[in-house]
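The values are calculated or read from the model by the stated rules, or taken from the named source; none is laboratory data. Fair warning: this is a prediction, and the values are worked out from it, not measured in the lab. Heads up, the Cβs are rebuilt from the backbone with ideal geometry, glycines too, and the neighbour counts pull from every protein chain shown. Note: areas computed on protein heavy atoms with side chains; ligands, DNA, RNA excluded. Shrake-Rupley method; radii C 1.70, N 1.55, O 1.52, S 1.80 Å.
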Amino acid sequence: MRAIVILFFAVWLIIAVALMARRSGQESRGRREWRDWRCPDCAQPFGKDARLLEWRRKRDTRAYSALVNGPLVKCARCQGEFWFTWTGKLLPAESMKRSHEIAGLDRF
Ligand SMILES: [Zn+2]
């Protein structure tokens, strides 16, 4: 009986570590590649003049969401702000603003 508990715990631990590694891998890749993502308005890559901010989930929000933090890119051409995941998927700004906040200025 004890062996089963230990086995379940080990499996849970492996899955948790794998998910964390995957998330941080996606984030570091996003940090390298976000300038190549295309602006939804200009349809051109953001390029070197764009700015990277970060959003994070508000502490008091109750809504369950897998979205904990991610990039918020400011386009230098159209001045638009676009909410993305670290994998480069565009998120709907209006619903994101309700339960997420901007975490800080870019460090790059
Ligand atoms: Zn733009």
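Structure data summary
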| quantity | calculated |
| --- | --- |
| Accessible area per residue, Å², the chain with all protein chains present, probe 1.4 Å | 73 |
| Cα lying deepest toward the dipole's positive end in the chain, options ALA10, PRO92, PHE82, charges on Cβ | ALA10 |
| Cα centroid separation - segment 1-64 against segment 72-97, whole Å | 15 |
| Inter-probe distance in nm under a simple model that places probes 7 Å from Cα toward Cβ, at ILE15 and ASP49 | 4.8 |
| Other-chain or far-sequence residues with amide H under 5 Å of HIS100's (modelled H) | LYS58 |
| Karplus-derived 3J(HN,Hα), 6.51/-1.76/1.60, for each residue of segment 49-59, Hz, glycine and proline x | 8, 6, 10, 10, 10, 10, 10, 9, 5, 5, 5 |
| CD proxy at 222 nm, helix term only [per DSSP H run n ≥ 4: -39500 (n - 2.57); per residue of the chain; nearest 500] | -12500 deg cm²/dmol |
| Stokes-Einstein D (µm²/s) once Rh is taken as the Kirkwood radius of segment 1-93 over alpha-carbon pairs, at 4 °C in 1.567 mPa s | 85 |
| Charged-residue dipole, Cβ positions (Lys, Arg, Asp, Glu), the chain about Cα centre, Debye nearest 20 | 220 |
| Segment 69-82 - phi-based ³J(HN,Hα) in whole Hz, Karplus 6.51/-1.76/1.60, Gly and Pro as x | 8, x, x, 10, 9, 9, 7, 6, 7, 9, 6, x, 10, 10 |
